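As structure tokens, the structure follows; a few thoughts come after it.
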Amino acid sequence: MTAMHDKPPPVTRREIFGWAMFDFANSSYTTIIITVFFSVYFTKVVVAGPNADGLWGLGIFITNLLVMLSSPLVGALADGSGRKKAFLFGSYVLCVGATAALFFATPGQIVLGLVLLVISNVAFSFGENFAAAFLPEISTPEKIGRISAFGWGLGYFGGLACLLLVRPLVAGLDLPREVLIGAEGTGALFELRMAWVVTAAFFLVAGLPTFFFLKERAPRRSSKSLKDFAAEGFHRLGETAREITHFSELRRFLVIFFFYQAGLTTVVAFAGIFAERTLRFTTQELIVLFLMLQVASAAGALVFGWIQDRIGGRRSIQITLVIWVIVCVGSYFCQTKGQFWVLAGMAGLGIGSLQSASRAVVGLFSPREKSGEFFGFWGLAGKAAYMVGPIFFGVVSSLTGSQRTAILTTTVFFVIGLIGMAWVNEEHGHAEAARWHAEKSGAIPEGDDLPSSDPGGLSD
């Protein structure tokens, strides 16, 4: 079937830039809402009290449960309809709208705050998957690491830009809750709430180049009803679940990815809370800390993208996981803000490189015809990890009364990932994807042997 379609247009630098701009745009959401300010605002102002961390963790859990259950289906629908770009646009609009509506999450509006957090975060997660699904179409195996890293690196500068933009609005987080909700704190509280509106506006504007420049290369399917697409989506989902069993390296990698991603998402979800509560960072110190973190993350993504194309994704991920083990152990023993600054710089390098390399590996192991569905499974693994990690952290923190102990136990996720990556073989994984594509396009008969490789996954 593929061979009968017209040859897709060549990929231009402008299109790659447009694709990467979605990372630039959506990083505003993760930086401001999830990692730095809204997480602190929710646990300090909206909720407050001993249940604050638990409710924040609950919101993250519900979000990722919903995404985990629906990502493969939504990816199947996007691939089946040939409308990944339309699905991307829909998730983008929904995330922007729900983020702006966080303005109405005032002190005591716990249910509203949780509902809007879940809606915006689910939409963000779908958009992340849809954007990632374009990666195999706009790259080659030789350049996939650099192109993925370009997106992640540009994304961190987007987070940095939005952080600077909302900086004047979030000073009120240093005020006691009693002051913020009292008459004398009305102005500061209004400015805090406006920070979420500004974040939404930043996402809205910065994401526009993606829809102007990025091309939909998948063939457009005939118009069908939503019911028909849903039925076909479930059918394709079943096919994908069966087919992914034939992609042994992708399957193995996604299991390993689940473990180390659980550690990474835990750090992202609680970094700002840990710094503010355990180390007593002020709002301005948090801003400077995360400005530095964004720069370090961008550098990590760009540098390791270049490294990955030379030494491979497996080794790049292993190096990064060693960094994360050092960060978690160091955080347990950290006693001063100065020490935490050093650890945060290392964490920044680890965040950028780990996320970029992971996405590139999935792209390398995915046939382009199945990229939406396979990146849906990538999202499934990531969101399952996001369900486990923060809840694990919250339970340990509650039982021990120590966030230090909770961050130390997070090390186990990175150690499992470090050991597991020794059994991932990039060459064999790419050969499996290439064979599937060749068989479906008629280039080789079905059942021909894969190109020679080490099935044990231990060679480079």
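The gain in end-to-end length when the PHE157 to PHE211 segment is fully stretched comes to 17.5 nm, 0.36 nm per residue minus the alpha carbon separation.
As a quick test, which of the pairs LYS215/LYS370; LYS215/LYS383; LYS85/LYS383 have an alpha carbon distance above 19 angstrom in this structure?
Checking Cα-Cα distances, LYS215/LYS383; LYS85/LYS383 exceed 19 Å.
Taking all Cα pairs closer than 8 Å and separated by 6 or more residues, the relative contact order of the chain comes to 27 percent.
One decimal place: the segment GLU142-ARG13 gains 44.8 nm when fully extended, by the rule 0.36 nm per residue minus the C-alpha distance.
With respect to the chain, whose longest principal axis is taken over its alpha-carbon atoms, helix 84-101 is tilted by about 10°.
Hydrodynamic analysis of the chain uses the Kirkwood radius over alpha carbon pairs. Inserted into Stokes-Einstein at 10 °C and 1.306 mPa s, it gives a translational diffusion coefficient of 71 µm²/s.
Whole-Hz Karplus values for region 376-388 come out as x, 5, 4, x, 4, 5, x, 6, 4, 5, 5, 5, 6 Hz, taken residue by residue from phi with 6.51 cos²θ - 1.76 cosθ + 1.60 and θ = phi - 60°; glycine and proline positions read x.
Of the residues SER70, SER28, the one with the largest accessible area comes first in the ranking SER70, SER28, computed with a 1.4 Å probe on protein heavy atoms. How many percent of the alpha carbon pairs in region 94-205 exceed a separation of 25 Å? The answer is 36 percent, as a whole percent.
Heavy-atom surface analysis with a 1.4 Å probe gives region 250-308 a carbon and sulfur content of 72 percent of its accessible area. For region 364-421, the share of accessible area belonging to carbon and sulfur comes to 76 percent (1.4 Å probe, ligands and nucleic acids excluded).
The residues of the chain expose, per residue, 39 Å² of accessible area to a 1.4 Å probe.
The values are calculated or read from the model by the stated rules, or taken from the named source; none is laboratory data. Every value quoted in this text rests on a predicted model; they were computed, and no experiment measured them. These area figures cover heavy atoms from the full protein model, side chains too; ligands, DNA and RNA do not enter into them. Shrake-Rupley method; radii C 1.70, N 1.55, O 1.52, S 1.80 Å.
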